[in-house]
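Here is the structure we will look at.
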Amino acid sequence: MSAGRLQVIAAHLRDGLSCSPSRSSQVGPIPRPASGTSIATRQRVIALLSEAQALNSSPWPTSSSTLEAPASTTTQQVAKLLLQAYGLEPYRSDLLISAANALVHDGELSRAIALLGDALSNMPDDLDTNSYLAIWSLVAGTEEAASRYLAKVRDLNQGRANDMSRIINCVQRVTTAPLMIESQKIAKGRRALVTLGYALRHDGSMDDILVARLRTTLSLAAADPSALVVVTGGVERNGQTEASAMSQWLIEHGVREDRVVEDNYAKNTVENALYSAQILAALRVDVVTVVSSARHVRRGQVLLEVAFSMRGPPHVEFDSVCCLDGGDASLDDVARVSQEELLHIYRDALRVYGLWMFRSPPLLEH
């Protein structure tokens, strides 16, 4: 291992993300294991990854108005286990990439970039690592580095570079547009409202945040009687999903049953986008309006646009309408996009696109 990589690992050791010193403390070519030790190393690496997978599979906050991510302590522990595994098998750059993505989930952007840079020193022509670095450098405000990594992506794969540019343009367009409390699109063709779910209470009843989204949806549906309504959310509580509860509420408040389409499978905003895009493609819609809370709706729109771009048709127009959560007095409170929100938007846009968060079996998670 090079001295530069050693310095990066040492920095993470100081920050509390330890890794095994058995390999990371050695400089130079990756050593050949002594006879009989490779199986023991393999078993230890698999045990560390299995432990990381168990942590990652623990309950996450789901369908929230802000984040869907493990608690900070969980992602820090996952990153620590991945770096310990990398210390045992320093050719496994996938472990560095997975650890970096765990840190991104936890908002540790600078440390994630450092680990991705370490992975890139192992594999300078890796398309995914260069793609991650292009995006995270942009979010970090280092535009020169972002341009350099994007140019490398273009050299490696023009199609990927085009896709990354489309994602960047989509995020910039959505995050610079003002939040709206009513749709600005005049439907020219078939329209669908897509209302994003929010975790039900343990007894299966709806939180006030979700009811607020439904009231906004009801108003939009009344203003456009021909619009279809897609309700998405598959986290089950007390025998029903978010989507089933949302559908029942809308029908009870006057929306015709044949206008409502349920997605009962999505467990987070990424899956909201992936499943809803399939529904919308099958419905052959022309205009899509995303409905969610003000702190959530921009991410919801970007993710749905990214998902739909992979399923077409290309002519579909998107906009979004938001409602305020209880803690927000006005749209002014949430008008500005913070770096944290921007990070979450890009993080999940990449997941929707197919750049998975974890890629180290058995720790596999999009």
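The values are calculated or read from the model by the stated rules, or taken from the named source; none is laboratory data. Just so you know, these numbers come straight off a predicted model, no measurement behind them. When we count neighbours, we look across all protein chains shown, and the Cβ atoms used for this are built from the backbone with ideal geometry, even at glycine. Side chains included, ligands, DNA and RNA excluded: accessible areas come from the protein's heavy atoms. Shrake-Rupley method; radii C 1.70, N 1.55, O 1.52, S 1.80 Å.
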*Could you order peptides 253-264, 220-231 by the average number of other Cβ atoms within 10 Å of their residues, highest first?*
220-231, 253-264
*Share of antiparallel DSSP beta bridges in the stretch 150-306, in percent to the nearest 5?*
10
*Using bins 5 angstrom wide from zero, how does P(r) for the stretch 285-344 break down, in % of all Cα pairs?*
4, 17, 25, 22, 15, 10, 5, 2
*How large are Rg and Dmax for the stretch 200-280 when only the alpha carbon atoms are used, in Å?*
12.1, 34
*Longest to shortest principal axis, alpha-carbon extents of the stretch 184-242, angstrom*: 41, 18, 15
*Accessible carbon and sulfur surface of the stretch 228-304 relative to its total accessible area, %, 1.4 Å*: 42
*Output the peptides 313-321, 95-103, 281-289, 172-180 sorted from most to least packed, where packing is the average of other Cβ atoms within 10 Å over each peptide's residues.*
95-103, 281-289, 313-321, 172-180
*asked:* Suppose the chain between Gln240 and Ser226 were pulled fully straight at 0.36 nm per residue; how much longer would it get relative to their current alpha carbon spacing?
replied: 2.3 nm
*Roughly how many Å² is the accessible area per residue of the stretch 73-207, as a whole number, for a 1.4 Å probe?*
41
*Write down Rg/Rh for the stretch 143-251, rounded to two decimals, with Rg from the C-alpha atoms and Rh from the Kirkwood relation over Cα pairs.*
1.14
*Using θ = phi - 60° and Karplus 6.51 cos²θ - 1.76 cosθ + 1.60, couplings along the stretch 250-262 (whole Hz; Gly, Pro as x)*: 5, 5, 5, 9, x, 7, 4, 4, 6, 8, 9, 10, 9
*Could you give the C-alpha radius of gyration of the stretch 222-351 expressed as a fraction of 2.2 N^0.38 Å, taking N as the number of residues it contains?*
1.07
*How much length is gained if the chain between Thr73 and Arg42 is pulled fully straight, taking 0.36 nm per residue apart and subtracting their Cα-Cα distance, in nm to one decimal?*
8.5 nm
*In vacuum, with every alpha carbon of the stretch 67-203 counted as one equal point scatterer, what does the Debye formula give for log10 I(q)/I(0) at q = 0.14 Å⁻¹? Two decimals, please.*
-0.82
